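Below: one structure, written as structure tokens.
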Amino acid sequence: MSHYRRHSLEPSIDSVTGKFRDSLNFQRHDDVINKPDFRELNFGSPISPLRPRVSSSAASGSSSSSSGSASGKPAVTSQLARQSHSGELSGLSETSPVMSGSGTVNRNPKYGHRRSASAGTPLIYSGLGFSPVTNQSSRGGGSGATSPNPGVLPTGNICPSGRILKTGMATRASVRPETLCTGTANYGHGNIIRSGGGSNGKASHATNKAVVAEIGDSEEVKKAAYRSNRAAALAASGRLEEAVKECLEAVRIDPSYVRAHQRLASLYLRLGEAENARRHLCFSGQCPDQADLQRLQTLEKQLRLCTEARNIGDWKTVVSEIDAAIANGADSSPQLVACKAEAFLRLHQIKDSDLCLSSVPRLDHHHHTQPPAKLFGIVCDAYMLCVQAQVDMALGRFENAVVKAERAMTIDHSNSPEVVSVLNNVKNVAKARTCGNELFSSGRYSEASVAYGDGLKFDAFNSVLYCNRAACWFKLGMWDKSVDDCNQALRIQPSYTKALLRRAASYGKLSRWEDAVRDYEVLRKELPGDNEVAESLQRAKTSLSNKSEEPKYLGFNNEVEEVSTLDKFKTATSLPGISVFHFKSSSNRQSEAISPFVNTLCLRYPLVHFFKVDVEESLALAKAESIKKVPTFKIYKKGEKVKEMVCPSHQLLEDSVTHFLL
């Protein structure tokens, strides 16, 4: 609370006694408001600093000085009523002495703030300065006595009121409310004033508004401090998002609150939001904390290196830079954890990726009054949802993936190309998987394989689609293709149990018992209580033992054997299993074109015996088998011909081989 200032009087009032000058010292605000019966006090408007000036009439003591007249004429009252707000007499007061008709002063003892007789000669401020009041007769005689004029009283803070009470007004009760005055310049701060009507009432109303505004500002400052302190407590308990909201509210209430800005910057650094941290660390030209500034610059550098590595697909560097940023202080950044999960996903470490995302808190923020933080040009919340959608899709949680991708799209209003691409891919893959499942359930395996293949066009690294398509190949008896798709799924997700189980079964169908035993042994460790796996392992081991005792027949060394005589041909057709004969001519273009594919089939199906017969060199054999056109293929099973094909396509040839291999 401000103190009232002491104002000395100029030499023009040297006649005023030192004792009265001491009485001019203004009291503290606490003294004013603690005076008894304060509702009867009317301080009027606060006055400005006074520069006393002596009028000639006051100096000479002539009867022309209307301000010191005790005649009680209406002219005096009218003149006093017209004084200005700057400390002059502005009207009548209920607390002023009343002039009776006989010229005597009627002093009501109930009015407080009475001046003692020892205070010396009172002064009247008439707008021209202070002047001592002299007692003059109405006839113009001047006795020079220094008794106060009963018709005029001091104003401002010298006495309770600067207004002269009209006759009959002394007994009226005041109904105007008191108001704490903010004051103007150096006077009046903290005084209790009454509101009034007319122009003075308007001024009082304006003052009331100013007082309310000042009190409101004080309360708002307290609220800002409360919010900031609450943010500190929340941050200490690890509730950073709530702490950010409290700090944002604090700086909204008081934009110049330095401590709240500093606390916000520190919180944003922990959240990995470099742009928002810089905004509050260096606001309005404030000198930032050097330790926080160093952390901010390091975080910005690490984010830049992470972005560069991500753009070129260097996912191992992305992981290392994210780890460095977290170690530097961004230990509560969900978007950085999501970035690390994305890197693990691209490195085909899907379990690690899913584990990373499990530590990301549920998205129920963000900062409503702060620009949303971005990472790689994408709103952080949308980026995290995109990563989660892709991980869900990789793990076969297609419905969850679609929901999260759609949420990301609603958050990122800028329609980032990356977010749009993720949403389209997720929807198309989910649609292909649903369609494929329906076709597979209805036994339409070939069409189902096509549907799964359509989904792989949008996500070439989806292990679930590869495994599902392998199931289609298995049902179609195309076990080599089943093995290929299982291998692809396991390269993407090495711990994919279902793909490993399907590959082991395909190896068994191909009589590749060594490979089958190896896969079943891995499955036995992962699924120790699975009886079906245990039985399959035992059968594979038995088959492997029996295979080692079989003689080595022609065509069993993964090579296409040549047959040139009829006797050798009869021996080959009687071999156990499947025997495929390729009748060809070295001069025939079609025969030479399909020969490399036959070699591939021989490697792909090691239990099938592949032979080739050159009809130009073995005319007798060609004639015996009635070969009229090349290339011609004949398939024998257990000594009997089961199929003959002339100029078949690659697909037809392979499908026929696998069909009779069942």
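The values are calculated or read from the model by the stated rules, or taken from the named source; none is laboratory data. Computed from a predicted model, the values in this text were never measured in an experiment. As a convention, Cβ positions derive from the backbone with ideal geometry for all residues, glycine included, and neighbour counts pool all protein chains shown. Note: areas computed on protein heavy atoms with side chains; ligands, DNA, RNA excluded. Shrake-Rupley method; radii C 1.70, N 1.55, O 1.52, S 1.80 Å.
If I go through the stretch 426-484 residue by residue, how many of them are over 17 Å from Gln651 (Cα atoms) and of a type in the set (Phe, Trp, Tyr)?
Qualifying residue count for the region: 5.
Taking interchain pairs and intrachain pairs at least six residues apart, which have beta carbon atoms under 6 angstrom, with the first residue in the stretch 469-493 and touching a residue at least 60 places away in the same chain (Cβ under 8 Å) and the second open to solvent by 40 Å² or more (accessible area, probe 1.4 Å) and outside any helix (DSSP H, G or I)?
Between residues of the stretch 469-493 that are touching a residue at least 60 places away in the same chain (Cβ under 8 Å) and residues that are open to solvent by 40 Å² or more (accessible area, probe 1.4 Å) and outside any helix (DSSP H, G or I), the close pairs are Gly477/Leu662; Ile492/His348; Ile492/Phe461.
Condition first: open to solvent by less than 20 Å² (accessible area, probe 1.4 Å) and either under 20 Å from the mean Cα position of the chain (by Cα) or hydroxyl-bearing (Ser, Thr, Tyr) (or both). Now tell me which residues in the stretch 307-328 satisfy that.
Of everything in the stretch 307-328, those that are open to solvent by less than 20 Å² (accessible area, probe 1.4 Å) and either under 20 Å from the mean Cα position of the chain (by Cα) or hydroxyl-bearing (Ser, Thr, Tyr) (or both) turn out to be Ile322, Ala325.
I need the full set of residues from the stretch 239-264 which are under 19 Å from Asp331 (Cβ atoms), free of Cβ contacts under 8 Å to residues at least 60 places away in the same chain and either open to solvent by less than 30 Å² (accessible area, probe 1.4 Å) or outside any helix (DSSP H, G or I) (or both), in order please.
Of everything in the stretch 239-264, those that are under 19 Å from Asp331 (Cβ atoms), free of Cβ contacts under 8 Å to residues at least 60 places away in the same chain and either open to solvent by less than 30 Å² (accessible area, probe 1.4 Å) or outside any helix (DSSP H, G or I) (or both) turn out to be Arg239, Ala243, Cys247, Leu264.
Given the criteria part of a helix (DSSP H, G or I), in contact with a Leu (Cβ under 8 Å, 6 or more places away or on another chain), touching a residue at least 24 places away in the same chain (Cβ under 8 Å) and surrounded by fewer than 19 Cβ atoms within 10 Å (Cβ to Cβ), does Asp381 qualify?
For Asp381, the condition - part of a helix (DSSP H, G or I), in contact with a Leu (Cβ under 8 Å, 6 or more places away or on another chain), touching a residue at least 24 places away in the same chain (Cβ under 8 Å) and surrounded by fewer than 19 Cβ atoms within 10 Å (Cβ to Cβ) - is not met.
Could you check the stretch 445-522 for helices (runs of 4 or more DSSP H) lying wholly inside it with 3 or more residues that are within 22 Å of Leu661 (Cα to Cα), open to solvent by 30 Å² or more (accessible area, probe 1.4 Å) and not hydroxyl-bearing (Ser, Thr, Tyr)?
Where helices (runs of 4 or more DSSP H) fall fully within the stretch 445-522 and carry at least 3 residues being within 22 Å of Leu661 (Cα to Cα), open to solvent by 30 Å² or more (accessible area, probe 1.4 Å) and not hydroxyl-bearing (Ser, Thr, Tyr), they are 463-475, 479-492, 497-509.
For the stretch 559-601, give me the residue count where each residue is assigned to a helix (DSSP H, G or I), touching a residue at least 24 places away in the same chain (Cβ under 8 Å) and open to solvent by 40 Å² or more (accessible area, probe 1.4 Å).
3
For the stretch 616-637, does any single residue satisfy the condition of being of a type in the set (Ser, Thr, Tyr) and within 18 Å of Lys481 (Cα to Cα)?
No; the residues of the stretch 616-637 include none that is of a type in the set (Ser, Thr, Tyr) and within 18 Å of Lys481 (Cα to Cα).
For the stretch 603-621, how many residues are outside any loop (DSSP other than H, G, I, E, B), surrounded by fewer than 21 Cβ atoms within 10 Å (Cβ to Cβ) and at pLDDT below 90?
Residues flagged as outside any loop (DSSP other than H, G, I, E, B), surrounded by fewer than 21 Cβ atoms within 10 Å (Cβ to Cβ) and at pLDDT below 90 within the stretch 603-621 amount to 4.
Identify, by number, the condition in (1) modelled with pLDDT under 90; (2) of a type outside the set (Ser, Thr, Tyr); (3) surrounded by 18 or more Cβ atoms within 10 Å (Cβ to Cβ) that Val402 doesn't meet.
(1)
For Lys638, are the conditions met, namely being more than 60 Å from the chain's Cα centre (by Cα), open to solvent by 40 Å² or more (accessible area, probe 1.4 Å) and at positive phi?
The answer is yes for Lys638.
Answer with yes or no whether Phe660 is within 14 Å of Ile578 (Cβ to Cβ), at pLDDT 90 or above and open to solvent by less than 80 Å² (accessible area, probe 1.4 Å).
On the way: within 14 Å of Ile578 (Cβ to Cβ): yes; at pLDDT 90 or above: no; open to solvent by less than 80 Å² (accessible area, probe 1.4 Å): yes.
When the stated conditions are applied, Phe660 does not pass them.
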